[in-house]
Amino acid sequence: MSDSPRESRESPESGQSGQSRQSPDSREAPESPASAEKSLDSLILHATDNAVVWITLNRPEAMNALTWDQRERVIALLAQASADPDVRAVVITATGRGFCAGADLRGGPAGERVPGDVARTIRLGAQRLIAAVLDCEKPVIAAVNGTAAGIGAHLAFACDLVLAAESARFIEVFVRRGLVPDGGGAYLLPRLVGPQRAKELMFFGDALTAADAERIGLVNRVVPRDELEKTAREWSQRLATGPTRALALTKQLLNASLDTDRAAAFAAEAAAQEINMTTADATEGVASFLERRTPEYRGR
């Protein structure tokens, strides 16, 4: 999460259709497939450490505004982490001063817009990204190193746990551009802070400090910038040594809890219990309790 010497000094203001300000020349020469793949690998860093997948947005000169292909890469990495039994937690973070300044849509499909294109783009784009986080079967931590605006803020809010550096800010930037929030923002925020707070954030588009975000419940913990990675590693390692399937089922129950009635919630809880009791970790948890020892969970 080290700073890049090439960081932009522009303030982040991209949102649903916002684009970071760059020269038009950047669109003129399409890259070859090989060079594009290499470039994408450098823009979305990916590493696995002690069963924890780290996904790092690495476009600091644009405050990590997400292009179309970067977004697809993050979605793919989350799907891989979800399906890999050797992965037991995920951390999403970024380099430079910004966590994610929103969407940079210039990398998306070109051509004349026809009716239905916008809804389709949102459904298959920003909403898929947020759904990939919510549906990931492994716990996902956001380590927010700087400004998170627009879809960048929603990417953080969709994570199961949110750590923020003291310098981080969260901005519902859409209203500044006359746009409707996308990326599930109107779904996420009322569930996290209630409808009145959500309306205040989305109607005014004011920057929210990390301390204020923690105060109203959008952030779990605020730490000094130089302690963010250390804290994210500590938290992710605790999750990675936990009962992975039990955590996945717990996440599923919690995410669905506000969208269902009591009878359906109770039925889902009973079904989750039924599934979880067939896992080796559940057997180990009970055995370790009876034997008065520390459990050794293996994620299965």
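The values are calculated or read from the model by the stated rules, or taken from the named source; none is laboratory data. These numbers come from a predicted model, not from an experiment. Don't worry about glycine lacking a Cβ; one is built from the backbone with ideal geometry, like all the others, and counts go over all protein chains shown. Keep in mind that these areas ignore ligands, DNA and RNA; they rest on the heavy atoms of the full protein, side chains included. Shrake-Rupley method; radii C 1.70, N 1.55, O 1.52, S 1.80 Å.
Across the range 103-124, not a single residue is classified as touching a residue at least 60 places away in the same chain (Cβ under 8 Å), of a type outside the set (S, T, Y) and touching a Cys at 6+ places or on another chain (Cβ under 7 Å).
Which residue, of D69, D86, is part of a helix (DSSP H, G or I), open to solvent by 10 Å² or more (accessible area, probe 1.4 Å) and touching a residue at least 12 places away in the same chain (Cβ under 8 Å)? Let's see the steps before the verdict.
Values: D86 fails: part of a helix (DSSP H, G or I).
Every option except D69 fails the conditions.
Among the residues examined, V114 does not qualify as at pLDDT 90 or above, aliphatic (A, V, I, L, M) and either surrounded by fewer than 24 Cβ atoms within 10 Å (Cβ to Cβ) or within 17 Å of the chain's Cα centre (by Cα) (or both).
Every residue, every condition in (1) assigned to a strand (DSSP E or B); (2) on the phi > 0 side of the Ramachandran plot; (3) out of contact with any helix residue (DSSP H, G or I) (no Cβ under 9 Å at 6 or more places or on another chain); (4) open to solvent by less than 10 Å² (accessible area, probe 1.4 Å), yes or no:
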site	(1), (2), (3), (4)
S82	no, no, no, no
I92	yes, no, no, yes
F99	yes, no, no, yes
L129	no, no, no, yes
V133	no, no, no, yes
A148	yes, no, no, yes
V175	no, no, no, no
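Of all the residues in the range 143-170, those that are of a type in the set (A, V, I, L, M, F, W, C) and over 21 Å from L239 (Cα atoms) number 6. The set of residues in the range 54-66 being without any contact (Cβ under 8 Å) to a residue 60 or more places away in the chain and not in a loop (DSSP other than H, G, I, E, B) consists of W54, I55, T56, L57, P60, E61, A62. Here the helices (runs of 4 or more DSSP H) wholly within the range 220-300 that include at least 3 residues being free of Cβ contacts under 8 Å to residues at least 40 places away in the same chain, open to solvent by 80 Å² or more (accessible area, probe 1.4 Å) and more than 30 Å from F170 (Cα to Cα) are 262-276, 280-290.
Just to be sure before I move on: is A119 open to solvent by 10 Å² or more (accessible area, probe 1.4 Å) and under 26 Å from V180 (Cα atoms) in the structure I sent? Please lay out each step first, then the result.
Details: open to solvent by 10 Å² or more (accessible area, probe 1.4 Å): yes; under 26 Å from V180 (Cα atoms): yes.
Against the criterion (open to solvent by 10 Å² or more (accessible area, probe 1.4 Å) and under 26 Å from V180 (Cα atoms)), A119 qualifies.
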